[in-house]
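Asks: A single structure is presented below for examination.
Read-outs: derived from the displayed coordinates by stated rules, not from any lab. This is a predicted model, so every value here is computed, not measured. Cβ: placed from backbone, ideal geometry, glycine included. Neighbour counts: every protein chain shown.
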Amino acid sequence: MGTILTGKVTGITKFGAFVTIAPGQSGLVHISEIANTYVSDISSHLIEGQDVTVKVIGVDQSGRMSLSIKAAAPESATTQTRHNQSPSRPVPRFSQKTSHKPTEPVVPPTFEDKLKRFMHDSDSKMSGIKQYSDKKGARRRGR
């Protein structure tokens with residue numbers, strides 16, 4: 001464990017990417033181990049056939065390897081991996097506002113901000129469910 005190796009992406013799934021390190025040796029890079037940022041679509045970070053540097057972070061009793069791309073590379077390199085190694089595929093461009101005002105740097109939300117947002121959304125959903133069930137129960141009782 002802890003060994004840094006180079007491999008080739010051989011398959012992409014919803015939960016991760018399979019990487020072949022040597023003939024007969026492959027492992028899984030879980031979606032949470034692809035980048036230091038949130039990854040919702042693995043295809044936006046990796047493509048099949050791409051060479052990647054991985055770190056072995058675990059081996060289970062069956063001999064299956066757990067790999068990590070983000071542990072093998074510094075943060076800035078992890079976010080640019082796909083762009084540097086796949087020149088044949090166009091880099092997605094995001095539309096920019098045509099405002100002449102200088103934009104402020106985007107600060108990622110903290111854990112507390114995310115938790116606060118989750119609790120607010122959860123409370124809103126629960127109150128909606130409660131209102132619906134109260135109305136439904138009142139109709140059944142003949143009120």
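Asks: Between S26 and residues 5 or more places away or on another chain, which pairs have amide H atoms under 5 Å apart, with H built 1.01 Å from N, and which residues are they?
Replies: HN-HN under 5 Å from S26: I21.
Asks: Using a Förster distance of 25 angstrom, determine the FRET efficiency expected from the C-beta separation of S127 and T13, and round it to 0.05.
Replies: Efficiency, rounded to the nearest 0.05: 0.10.
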